[in-house]
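The values are calculated or read from the model by the stated rules, or taken from the named source; none is laboratory data. Everything numeric in this text was worked out from a predicted model, so none of it was measured. Here the Cβ is made from the backbone with ideal geometry for all residues, glycine too, and neighbour counts use every protein chain on show.
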Amino acid sequence: MRILIVEDEVGIAKFLQQGLEEESFAVDVAYEGKTGLQLALSGEYDLLLLDWMVPGVSGIEICQQFKAAFPATPVIFLTARDTVDETVFGLQSGANDYIKKPFHFAELLERIKVQLRPQTGEHAVFTLGHITLDTGSHEVLKSGQAINLTQKEFALLEFLMRHKGQVCRRTRIIESVWDIHFEYNTGVIDVYINALRKKLLLTDEENYIQTVRGVGYIAKEL
């Protein structure tokens, strides 16, 4: 799982980065708002940790623009602002949670885990050409015919379909589907992609899972 920290206090940012990396998260840091917004809008992250008052583009502005593009991705504010009005304003801007500085890392870690925990009873249906994936029934159909996938194959296909139309980098896939740090050899993805293509009987006319050479894969309808 990949987290973006936008925090202008270098000591806090490095402390958080080290702590989260020790918990097996992949972490990027931006020390000012413009860079933070650019990174956030890349779509590479599973969660954002935002300081409210960063130079350039504020944490509030980053949150608003990010949530407009990626409404399902959680955002947690880290801030010294703690009045009721400020808390409400932060949440109304799209934040999923709000933690006041100073804070204990253990508490922040638990809040992150809560936000990244799959929603109980989530039932989403994704489509990709003639393929349908149902997270509730854990079924994959192609033109109405059931496709038998392993757990990892299903998770990989779900990830690609959730990000349909977006280029999914190999490091992001390995971190999200296998929950392995990005330094791990990502060659395993190729094996599973090939297995998926075979099981889904994808032809040249149904090239729904495409390779982006040197980058990763993209699920798209032709």
Reported set for segment 22-32 where residues are surrounded by fewer than 17 Cβ atoms within 10 Å (Cβ to Cβ) and in contact (Cβ under 8 Å) with a residue 40 or more places away in the chain is Glu23, Ser24
Picked from segment 159-188 (must be outside any helix (DSSP H, G or I), among the charged types (D, E, K, R) and under 21 Å from Gln210 (Cβ atoms)), the residue modelled with the highest pLDDT is Lys164
Condition first: of a type in the set (D, E, K, R), assigned to a helix (DSSP H, G or I) and either crowded, with 17+ Cβ neighbours inside 10 Å or modelled with pLDDT of 90 or more (or both). Now tell me which residues in segment 107-158 satisfy that. Arg111, Glu153, Glu158
Going by what's in this entry, would Arg197 be described as at pLDDT 85 or above and under 30 Å from Glu22 (Cα atoms)? no
Name the pairs: first residue in segment 146-169 and among the polar types (S, T, N, Q), second residue in a strand (DSSP E or B), Cβ to Cβ under 9 Å, at least 6 apart or on different chains? Asn148/Val140; Gln166/Ile218; Gln166/Ala219
